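First up is the structure itself, then whatever we jot down about it.
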Amino acid sequence: MYTAGLAAAGTPRLRKWPSKRRIPVSQPGMADPHQLFDDTSSAQSRGYGAQRAAGGLGYPASSTSSQAAFLADPVSNMAMAYGSSLAAQGKELVDKNIDRFIPVTKLKYYFAVDTVYVGKKLGLLIFPYLHQDWEVQYQQDTPVAPRFDVNAPDLYIPAMAFITYILVAGLALGTQDSARRFSPDLLGLQASSALAWLALEVLAILLSLYLVTINTDLTTIDLVAFLGYKYVGMISGVLMGLLFGKTGYYLVLGWFCISIFVFMIRTLRLKILAEAAAEGVPVRGARNQLRMYLTMAVAAAQPLLMYWLTFHLVR
């Protein structure tokens with residue numbers, strides 16, 4: 001062999017060292033040199049590919065988010081503005097229709113009371129003989145709130161007195177000897193009967209004022225307030241009848257009948273006769289006498305109704 005011959009001839013033997021290939025070291029950010037194509041699947045943070053991956057449809061994510069914000073904000077703002085405008089229009093429509101049938105703004109005046117006013121008003125209803133000044137106070141042609149003037153009419157005392165009267169009537173019917181007569185339906189009957197008499201009173205007075213052609217500032221709510229004060233005496237009479245029998249009932253009810261008569265005379269004469277004095281009507285004139293008769297009739301009807309609505313509750 002050739003190698004053997006060379007070795008035998010004394011020729012120095014050549015060693016065959018293994019060849020070392022230099023593999024280029026990949027720098028950071030460079031692809032593998034043995035790959036034919038660059039792998040761009042992991043490069044989500046560089047170039048146009050990152051924008052496509054974030055956008056999802058080939059559009060940059062920043063432009064998509066800005067467009068969404070542009071479309072979302074105006075629509076929500078318009079919806080909120082449209083909803084608030086509809087709510088405002090609905091509230092205005094409801095308030096207008098309510099005020100047409102029920103004067104809510106006027107009712108607030110009649111319920112503007114406090115504890116001091118209620119105490120003074122109840123004292124006035126019990127002892128009207130001690131009161132001297134019956135004029136209603138005005139401020140810029142508008143009557144002051146009831147809590148500032150004890151002579152002003154209110155609806156708080158009549159409303160509370162009416163509800164209390166119904167409850168006391170139920171108590172009186174339930175404690176009678178013939179307790180089997182009592183049933184919850186009797187409470188409704190008592191309430192409807194009292195409301196019917198009150199409505200009949202108001203209509204009769206309004207019709208009388210129209211027929212006599214009296215110009216007065218008395219309103220329907222004023223009449224309801226003045227006529228509702230008699231329930232205070234009715235409650236007191238029934239309670240005294242339950243405690244002390246018919247004697248206590250007649251004594252207390254008689255006192256309140258006289259008190260409500262004096263109260264109505266002194267209150268209504270300022271509302272009805274004052275207009276006649278302002279118009280220059282003679283004191284002894286025919287129309288002025290009709291005003292006086294009407295005032296007396298309204299005041300005299302209160303004791304009669306107080307007895308009619310309570311006598312059957314005391315046995």
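The values are calculated or read from the model by the stated rules, or taken from the named source; none is laboratory data. None of the values given here were measured: they were computed from a predicted structure. Here the Cβ is made from the backbone with ideal geometry for all residues, glycine too, and neighbour counts use every protein chain on show. For accessibility, only protein heavy atoms count, side chains too; no ligands or nucleic acids. Shrake-Rupley method; radii C 1.70, N 1.55, O 1.52, S 1.80 Å.
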Some residue of segment 170-188 being under 21 Å from Lys271 (Cα atoms) and part of a loop (DSSP other than H, G, I, E, B): no
Of residues in segment 189-219 being open to solvent by 70 Å² or more (accessible area, probe 1.4 Å) and in a helix (DSSP H, G or I), the one farthest from Leu155 (Cα to Cα): Leu211
Any chance Ile272 is of a type outside the set (Ser, Thr, Tyr) and at pLDDT 90 or above: no
Filter result for Leu253 (in the same structural domain as Ala169 (by TED's automatic domain parsing), modelled with pLDDT under 90 and touching a helix residue (DSSP H, G or I) at 6+ places or on another chain (Cβ under 6 Å)): no
